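Bear in mind that the values in this text are calculations on the coordinates, not laboratory data. These figures come from a predicted structure and were not determined experimentally. Here the Cβ positions follow ideal geometry from the backbone for every residue, glycine too, while neighbour counts run over all protein chains shown.
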């Protein structure tokens, strides 16, 4: 499951806040409750840990641990049951000076189901499980090729990651000095087959055992891509992973971008497709129905406060504080907020338009 940009933003912000706190001893408490786990069992376990903590020699550490556990138990009692995805809870004395007390408790329902049960006291909060959720696990393989060149890349989230670039030995179109046309044709065909074999071998090395691979999309100008896929070059296990073949005008890096553009039908369930679609809709309306859109931070904020915004598009380049200001303005009027990455062409356009844009509920004439 991929996180939306909004889920990613809030999880990153939560992690960033907790990373700032360091305990003087092993007195910061982290608890992970898996989905479907009985919350009462966790509360009983923490009560037992309070008893164990009474054996800690240092009186200040003992007090900090037992108080942190008490605050956490009280916090957990506010929940009727474990949330659908589980719960991560953190508690501790985060006062800057030794001897002072400032106990805080945080909790978050993760955006993906928690499988881990954990209780730990340490000098810092245990956040690796949450950090791991930010890492995009699902990827698509991209292959762009013609008779002369081939590029292999990954689509991870919204980012194209180039992996392999290869060039064939197929001769260009020139007259074969002294060679018969048939022999020259055989040379070309032989070099093309070598090229296909090489591309197929790179595909096998790259994709055969790749974890999280959802499929491979192949594209390129002309019939070459079909020669590769339908010929006897690609091993069956890799061939089964090919989910689409697309006609392109380009190869190389432009070809990879074009392949992404033309694969929106295949990627329809992916965030990258949704993002490109919604920003594309805004850009189209900007050209054709200017009174139905707004852009620039000040204009979008003004329209939000007027209650006329249907969807606000915010660039991830905005500061956390600014995004929260927009969210706070959107909530009372029921406007939807979408956070848009800068890793697609459309996302970069939104950033260059002033980092904020909006599609309105109806025409507004100013």
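Observations on the model:
- Normalised size of the stretch 217-316, defined as Cα radius of gyration per 2.2 N^0.38 Å with N residues, equals 1.55.
- For the stretch 52-179, fraction of C-alpha pairs farther apart than 18 Å, in %: 71 percent
- The translational diffusion coefficient of the stretch 1-114, from Stokes-Einstein at 25 °C and 0.890 mPa s with a Kirkwood hydrodynamic radius over alpha carbon pairs, comes to 163 µm²/s.
- Cα-based helix-to-principal-axis angle, 59-76 vs the chain, degrees rounded to 10: 70 degrees
- Antiparallel DSSP beta bridges within the stretch 272-360, percent to nearest 5: 60 percent
- Between residue 320 and residue 250, the FRET efficiency estimated from the beta carbon spacing at R0 = 35 angstrom works out to 0.40.
- A simple spin-label model places pseudo-atoms 7 Å from Cα toward Cβ; at residue 40 and residue 266 they are separated by 5.2 nm.
- Residue with peak Gaussian network fluctuation, the chain [Cα springs, cutoff 10 Å], from 55, 302, 40: 55
- Model label sites at residue 364 and residue 193, defined 7 Å from Cα along the beta-carbon direction, differ in position by 6.6 nm.
- Of all DSSP bridge pairs formed entirely within the chain, close to 70 percent run antiparallel.
- Beta bridge orientation in the stretch 146-295: antiparallel %, DSSP, nearest 5: 60 percent
- Calculated P(r) tail over 31 Å for the chain, as whole % of Cα pairs: 56 percent
- Calculated FRET value between residue 26 and residue 97, using beta carbons and R₀ = 25 Å, to 0.05: 0.85
- For the stretch 272-360: rounded, prolate or oblate by the Cα gyration tensor [a/c cutoff 1.5]: oblate
- Computed E for residue 348/residue 137 - FRET, C-beta separation, R0 22 angstrom, nearest 0.05: 0.30
- Spin-label model distance (nm) - residue 123 vs residue 336, 7 Å beyond Cα toward Cβ: 4.7 nm
- Based on the convex hull around the alpha carbon atoms, the stretch 139-262 presents an average projected area of 7.5 nm².
- Structural descriptor for the chain: relative contact order 14 percent, calculated from alpha carbon pairs under 8 angstrom and at least 6 residues apart.
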